[in-house]
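Working notes, structure below.
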Ligand SMILES: [Zn+2]
């Protein structure tokens with residue numbers, strides 16, 4: 001009798017374990033099924049089948065009848081959209097072919113890995129290939145990144161990383177070939193760079209809130225300012241300036257003094273609040289977090305950190321979102337790359353909800369900063385370069401050492417109700433931010449806003 005009881009108990013335990021395992025599997029299947037399915041083509045030897053299109057339906061890549069992946073007919077567009085679309089070998093991990101493989105494979109719970117017609121899904125990116133083409137041409141063979149997005153909806157309209165290559169004719173890239181330095185990296189999403197003066201928008205936000213007589217002060221720049229036990233230099237003597245002129249002149253001396261007065265804790269707090277040390281999820285792609293060592297610095301080091309030098313590193317996408325938050329009154333939409341997917345029967349996916357960032361800057365500070373950045377354009381950069389745009393911007397010319405030319409930056413946003421765009425342009429070793437990166441921004445924004 002005891003033997004039977006023991007066996008019954010064992011059976012009961014085994015049945016219980018089976019049930020628990022089944023529940024666990026079904027649960028994980030429901031949650032993770034689509035990402036499991038994205039691995040299937042790799043294991044079964046079948047390429048991912050879906051098409052990737054831009055926002056107005058230009059087909060950027062598809063698979064032909066022979067199972068070969070094809071790309072848009074136009075080499076410059078192929079190069080300009082490479083980092084967004086990805087390559088057939090999957091080396092560009094943040095490209096749609098890898099990062100959005102689950103949505104391309106046509107996976108669903110009813111039919112499993114295969115869509116009804118066996119073709120995979122159509123995945124529409126938020127990008128317009130034409131804007132990418134213009135941005136890539138404007139970079140003119142120089143390395144860098146360009147991003148434009150709608151800070152109210154989150155849609156990224158333009159995203160370019162250079163260097164690039166033609167995915168239809170991939171080159172044989174040797175290690176150490178300067179021309180293809182970091183070519184598989186999407187600099188916009190995954191790179192970090194010395195920001196230089198674009199970072200003054202953070203130092204200034206901290207100063208607006210923590211230095212009560214900021215607007216009553218004046219400074220006289222002789223081209224070299226003593227900060228702590230060293231100097232902070234400007235390209236030339238800026239003379240007497242109030243805070244508006246110090247920003248439009250981008251006076252290192254003034255901003256180094258402000259940073260030293262604010263202290264490293266305050267500067268670190270505003271940098272973190274601005275989202276510049278955070279990683280965003282762009283439809284599941286994690287952006288690189290910037291890094292700032294603002295701890296245990298001398299007064300002079302802190303001064304240089306306050307003008308975006310020293311060990312400051314910023315991610316272009318995060319900087320663009322901060323610009324969007326200044327334009328948006330403190331918060332911005334989190335960037336997105338997927339407009340929608342459509343299955344082989346033409347049924348679209350459900351629209352995604354726009355996600356918002358936290359408060360990256362207080363609303364009244366954002367308004368003051370926006371006004372000052374607007375004056376940068378009228379006083380320094382030239383409004384005529386940006387027709388029909390109520391544009392606010394900050395340039396940066398970031399010294400990178402090693403005898404190399406500085407990185408050129410131009411970042412900002414439009415206040416136009418019908419064109420709520422934030423943007424960032426980085427030209428590596430490009431020289432002057434306002435001239436070089438500003439010229440790239442002007443061309444891309446003209447296309448986006450005025451349709452050229
Ligand atoms: Zn100066």
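Values quoted throughout were computed directly from the atomic coordinates according to the rules given, and no laboratory measurement underlies them. Because the structure is predicted, anything quoted here is derived from the model rather than measured.
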Inset, instruction - Compute the projected area of the convex hull of the Cα atoms of the stretch 306-452, averaged over all viewing directions, and report it in nm² to one decimal place. - result: 11.3
Inset, instruction - May I ask for the angle, rounded to the nearest 10°, between helix 264-273 and the longest principal axis of the chain, with both axes built from Cα atoms and the value confined to 0 to 90°? - result: 50
Inset, instruction - Subtracting the Cα-Cα distance from 0.36 nm times the residue separation, let me have the gained length for residue 418 to residue 452 in nm, one decimal. - result: 10.6 nm
Inset, instruction - Mind pulling the angle between the C-alpha long axis of helix 316-327 and the longest principal axis of the chain? Nearest 10 degrees, somewhere in 0 to 90. - result: 70
Inset, instruction - Normalising by the residue count of the stretch 290-413, find the relative contact order in percent from Cα pairs under 8 Å and 6+ residues apart. - result: 21
Inset, instruction - For the chain, state the average projected area of the convex hull of the C-alpha atoms over all orientations, rounded to one decimal in nm². - result: 28.8
Inset, instruction - For the stretch 352-394 and the stretch 162-186, write down the distance between their C-alpha centroids in whole Å. - result: 35
Inset, instruction - Would you mind calculating the relative contact order of the stretch 222-264 from Cα pairs under 8 angstrom and at least 6 residues apart, reporting the percent as a whole number? - result: 38
Inset, instruction - Please report the relative contact order for the stretch 155-289, taking Cα pairs under 8 Å with a sequence separation of at least 6, and give it as a percent rounded to a whole number. - result: 21
Legend entry - Using alpha-carbon coordinates, inclination of helix 129-139 to the longest axis of the chain, degrees: 40
Inset, instruction - Translational diffusion coefficient, Stokes-Einstein: compute it for the stretch 123-243 using the Kirkwood radius over C-alpha pairs as Rh, at 10 °C and 1.306 mPa s, and state it as an integer in µm² s⁻¹. - result: 85
